[in-house]
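No value in this document is a laboratory result; all are computed from the given coordinates. What you see is a predicted model; the values in this text were computed from it and never measured. Neighbour counts run over all protein chains shown; Cβ positions are idealised from the backbone, glycine included.
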Amino acid sequence: MKIEQLKKFGINKEFIKRFKEERIKNLFSPQEIALKKGLFKGQNLILSCPTASGKTLVATLAIIKNISKKPPKIVYIVPLVALANEKYNYYKKFFKGFLKVAISVGDLDSEDFWLEDYDLIVATSEKMDSLIRHGIGWIENLKLIIADEIHLLNDVGRGPTLEILLTLLKRLAPKAQILALSATIRNALELSLWLNAKLVKSDFRPVKLYEGVSFDSKIKFLKKEEYILESSEVEGIVSDTLKKNKQILIFVSTRKSAESLTERLIRFDFISSKEKIDLNSLSEEVLNVLETPTRQCKKLASVLKRGVVFHHAGLLGKQKRLIEENFRKGLIKVIAATPTLAMGINIPAFRVIVRDVKRYYPKKGSDYIPILEYKQFSGRAGRPQYDEYGESIILAKSEEESEEYLEHFIKGEPENIESKLAQDTALRMHTLSLVSSKFCQNKDSLLDFYSETFFGFQYKDKFLLEEKLEQILEDLKNWKFILEKNRIYYATRLGKRISELYLDPKTAFYFVCGLRKAKNKELEDLAILQMICDTDEMQPLLSVKPKDTPFLNEEVSKCREDFLTEVPSYWQDEYEDFLRSLKTALGLEAWCDEISEDEILNRFNFTPGELHAKLEISDWLVYCLLEISNLLKLKEFNLSFKKLRMRLLYGVREELLELVSLREIGRVRARRLYENGIRDISTLRKTPFEKITYILGPKIARTVIEQITTNKK
């Protein structure tokens, strides 16, 4: 079907023009099937199709069809903040002049009341769930619910929230159309039955994908003639790809592997003079994301000059965005990445190498990665509008491995999507939320609700769930988060607040015990940090190396009386976990003491990306402590928590807190002012402009003077 033919479905010619500007001329077969199965008639649909098969266009058409409805309230649910930003930026531009588009991520203790005035809201599943907990009023006005990457129901971390959210939305907005999107999944029919949706399942790809295995200088493909290269190692395949003037993604299992691999690949000279200039400029930008570059920043900037980069969770968000944007533009040619890169972000390449098909799993050892994950990797091969085909290549070390990988991964079927809702953490959090919101107020109504989840649909085993639910309800009562009267459950004031804070009730009870233990004593920042690090929310923690143990044991002896939790005996298994929480807390404390990211990396092996991610979670957990202490009437702790949050935010000692409240004054400039005798804003106002200029430079000095003058008025 030609794109112009959408006019007969009532699609505005302006949107057809905008599709054409994106070089969309015809609908792909899955898109046509979606139309035939009722996309424009409000029918719930699941699209189970490969990457780049046009799922976003189907979502966009569904949004367009809902524009005329009053109000045209639509939510687009995604699993990751990065994906939320990508969708928000796209739709804000595409629907300019037609829809008010908003993004809502992050702060889980806010109802974001301003969202009521927006038509299309892009949100993470956690944020949308949080909005419902805060009682948003516009939920019943929803006309369309789009759930992207629905296969992540299978993910232990994100799956339960998405599952509960969809179950809630089916009840709260029963007339809303549901559109669920995913790459090819095995039991898509089961999901479609759960969501009362019609299934659009297709293997169509606009760019043909050839999957193969490389061994002994040969790449054997399933549906194509084999290649013979100079080498079947990564270097040989990369060299061949670059000679074709193509881009390549390489998936490895660890951060260390990604970094070391890029250092081996920079020997290839394949960039033009113009690209060298652009890469040097980009390298400088990546290097100077922090005030003081770390050794990781320097390593990344160094390899980047040659068009090669590594990508993993240890990088800072801005560095990752710069890498992704410039790979899409074609400036960066090679990315060696850990699996996080494959989750939803749109960065295809001509070739994908899957170097590591095994991974170490705690308590299990080395084992194959899921076939579903391999399919996510291989789905990145082939760039629409650039390539006629793409290639995905697994590396093997023997003929036997080559045959095994071909059978297991390339010919194999992805695993079924299975509910992960039965895990204790998820059930605790969502049970308290359902009681707190008065959505379910007795055991029968809770069981009825859970029977409507994908878990209930998939297993139909009420006995297993009932047994777990009884224990969770007992725990919530013992912790004083809910009360039971005449078999009716009510959330206490504390329980309701914990639900709103989006905190695991087990963690909340741990905080309650710690705060009560601290009553009538002075709180030490390290003790607070150790307590928040000793929670599931802060996992994974820094690992403890043998060389760390003497230093950490010394810290335990020195601070034993300050800790807000019991210190396990040296001989207990829990002692090692305690040391991990302490090491992570010391890393955070070092940041608060103005230690540079580079020094923190050297001392603790705490990468900047990990550090800043943990700082964000720490801020939220300290905020939770502040809210809980208020409800426990322990307001003497308020100042300690407020100061610690500021220190975590700015990375400064307490004496700089007033100075860093000024715009453009970070930890380095604030320390410079302090050491020059300017220790607060009052002194700053009395300081001659020439001296401030000497310390900060003319541009920053003018910004500071404007602020303190305005504040004075």
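Numerical summary
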| read-out | value |
| --- | --- |
| Surrounding net charge for VAL357, when Lys and Arg each add one and Asp and Glu each subtract one, Cβ distance under 15 Å | -4 |
| Antiparallel bridge percentage (DSSP; both residues within the chain; nearest 5) | 25 |
| Global geometry of segment 3-201, whether rounded, prolate or oblate, following the gyration tensor of its Cα atoms and the 1.5 cut on a/c | oblate |
| Potential extension, GLU401-THR693 segment - 0.36 nm per residue separation minus Cα distance | 98.5 nm |
| Cβ charges +1 (Lys, Arg) and -1 (Asp, Glu), total dipole of segment 303-373, debye | 220 |
| Of the GluC sites (Glu not before Pro) in segment 439-539, those whose Cβ has at most 12 other Cβ within 10 Å and which sit in DSSP loop | GLU522 |
| Euclidean distance between Cα centres, segment 210-255 to segment 527-592, Å | 45 |
| Where GluC sites (Glu not before Pro) fall in DSSP loop in segment 333-438, at most 10 other Cβ within 10 Å | GLU388 |
| Expected 222 nm ellipticity per residue - DSSP helices of 4 or more, -39500 (n - 2.57), all of the chain, to 500 | -14000 deg cm²/dmol |
| Inter-probe distance in nm under a simple model that places probes 7 Å from Cα toward Cβ, at LYS438 and GLU470 | 2.9 |
| Coil-residue GluC sites (Glu not before Pro) of segment 181-264, DSSP, other Cβ within 10 Å capped at 14 | GLU225, GLU226, GLU230 |
| Rounded, prolate or oblate (a/c below 1.5 giving rounded, otherwise prolate when a/b exceeds b/c) for segment 286-434 by Cα gyration tensor | oblate |
| Least to most buried among LEU586, LEU541, LEU483 (fewest other Cβ within 10 Å first) | LEU483, LEU541, LEU586 |
| Contact order normalised by residue count of the chain, Cα under 8 Å, 6+ apart, percent | 11 |
| Inter-site label distance for SER543 and SER281 at 7 Å from Cα along Cβ, in nm | 4.1 |
| Calculated FRET efficiency for the pair LYS20/LYS256, C-beta based, R₀ 45 Å, to 0.05 | 0.45 |
| Options (i) -0.63, -0.89; (ii) -0.56, -0.96; (iii) -0.47, -0.77 - which one matches log10 I(q)/I(0) by the Debye sum over Cα atoms at q = 0.07, 0.09 Å⁻¹ as calculated here | (ii) |
| Formal net charge of residues neighbouring HIS151 (Cβ-Cβ distance under 14 Å; K, R +1; D, E -1) | -3 |
| Radius 14 Å from Cβ of ILE678, net charge of other residues (Lys, Arg +1; Asp, Glu -1) | +2 |
| Length gained when the stretch ASP577-ARG653 is fully extended (0.36 nm per residue, less Cα-Cα span) | 24.6 nm |
| Estimated inter-spin distance, ARG516 and LEU631, nm [label 7 Å along Cα→Cβ] | 1.4 |
| Contour excess over end-to-end distance, with Cα ends at PHE551 and LEU639 and 0.36 nm allotted per residue | 28.7 nm |
